[in-house]
Amino acid sequence: MRGRLITVILAGFLIGALGGTGALVLTRGGSGPNVETSGKALIGGPFALIDQTGKAVTDRDFRGKYMLVFFGFTHCPDICPAELQVMAASLDELGDKAKDVVPIFITLDPERDTQEAMAAYVKNFGQRFVGLTGSPQAIADAAKAYRISYSKFQEDKASRDYSIDHSALVYLMGKDGEYITHFAYGTSAAKMIETLRRYI
């Protein structure tokens with residue numbers, strides 16, 4: 001299945017995210033090489049998008065709150081809804097502290113994911129979710145800031161239907177908008193909750 005190419009995309013992310021000021025160090029221990037990172041991961045940055053109510057928002061509108069950020073698209077058959085469900089379950093379990101976290105779903109398919117489409121989609125995961133869309137360029141800029149790889153493809157060239165291969169990482173961003181950590185696709189709600197409680 002084409003969506004399973006995500007592992008390749010994730011590998012590219014992990015290499016690219018450490019670029020710039022970051023450094024990757026390999027050391028050998030008794031059971032093989034260990035990976036250590038130093039420096040600051042260049043993940044996150046300014047964005048200017050439209051939320052599901054039609055309001056123009058930027059990254060600065062979320063200052064003072066933690067952000068759980070996931071990029072995907074509403075026509076995604078499995079990965080996106082699964083990740084958003086894990087985010088929702090984790091925040092439900094977090095209790096009162098969840099009020100300090102804004103779960104954000106940013107589309108990679110602005111052609112189909114209008115404000116109305118995003119509003120209908122994110123309400124399936126709870127009232128606290130924010131769905132963001134925008135122009136193709138605004139989406140591309142946000143994806144670049146978060147080191148998201150994505151590409152449209154059509155299996156049937158005669159059809160207008162298409163899908164999108166994309167990185168599937170959930171990012172935890174701090175109250176200052178800075179990157180804290182990320183969750184790989186398939187992270188359980190229990191593991192996400194454990195990590196959130198460590199930082200929030």
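I'd like to verify a number: residues in the stretch 104-117 that are in a helix (DSSP H, G or I) and buried (at least 16 other Cβ atoms within 10 Å of the Cβ), how many?
Taking the stretch 104-117 as the starting set, the residues that turn out to be in a helix (DSSP H, G or I) are 115-117.
Then keep just the ones that are buried (at least 16 other Cβ atoms within 10 Å of the Cβ); that gives 115, 117.
Count: 2.
So for the stretch 71-81 (the condition being in contact (Cβ under 8 Å) with a residue 40 or more places away in the chain and closer than 18 Å to Thr53 by Cα), does at least one residue qualify?
Yes, there is a match, as at least one residue in the stretch 71-81 is in contact (Cβ under 8 Å) with a residue 40 or more places away in the chain and closer than 18 Å to Thr53 by Cα.
Of the numbered conditions (1) in contact with a helix residue (DSSP H, G or I) (Cβ under 9 Å, 6 or more places away or on another chain); (2) hydroxyl-bearing (Ser, Thr, Tyr); (3) within 19 Å of Asp59 (Cβ to Cβ), Ser163 fails exactly one; give the number of that condition.
Checking Ser163 against (1) in contact with a helix residue (DSSP H, G or I) (Cβ under 9 Å, 6 or more places away or on another chain); (2) hydroxyl-bearing (Ser, Thr, Tyr); (3) within 19 Å of Asp59 (Cβ to Cβ), the one that fails is (3).
Ala120 is checked against (1) more than 19 Å from Tyr179 (Cβ to Cβ); (2) in a loop (DSSP other than H, G, I, E, B) and fails just one. What number does that condition carry?
For Ala120, the exception is condition (2).
Every residue in the stretch 56-97 that is of a type in the set (Gly, Ala, Ser) and out of contact with any Lys or Arg (no Cβ under 7 Å at 6 or more places or on another chain), please.
Ala56, Gly72, Ala82, Ala88, Ala89, Ser90, Gly95
Tell me the residue from Leu84, Leu68, Leu132, Leu91 that is part of a strand (DSSP E or B), closer than 25 Å to Lys191 by Cβ and modelled with pLDDT of 95 or more, please. Full working, then the answer.
Values: Leu84 fails: part of a strand (DSSP E or B); Leu132 fails: closer than 25 Å to Lys191 by Cβ; Leu91 fails: part of a strand (DSSP E or B).
Answer to the selection: Leu68.
Every residue in the stretch 135-184 that is surrounded by fewer than 17 Cβ atoms within 10 Å (Cβ to Cβ), within 16 Å of Cys80 (Cα to Cα) and either within 14 Å of the chain's Cα centre (by Cα) or of a type in the set (Lys, Arg) (or both), please.
Passing the criteria: Lys152, Ala184.
The values are calculated or read from the model by the stated rules, or taken from the named source; none is laboratory data. Just so it is clear, the model here is predicted, and its values are computed rather than measured. Cβ: placed from backbone, ideal geometry, glycine included. Neighbour counts: every protein chain shown.
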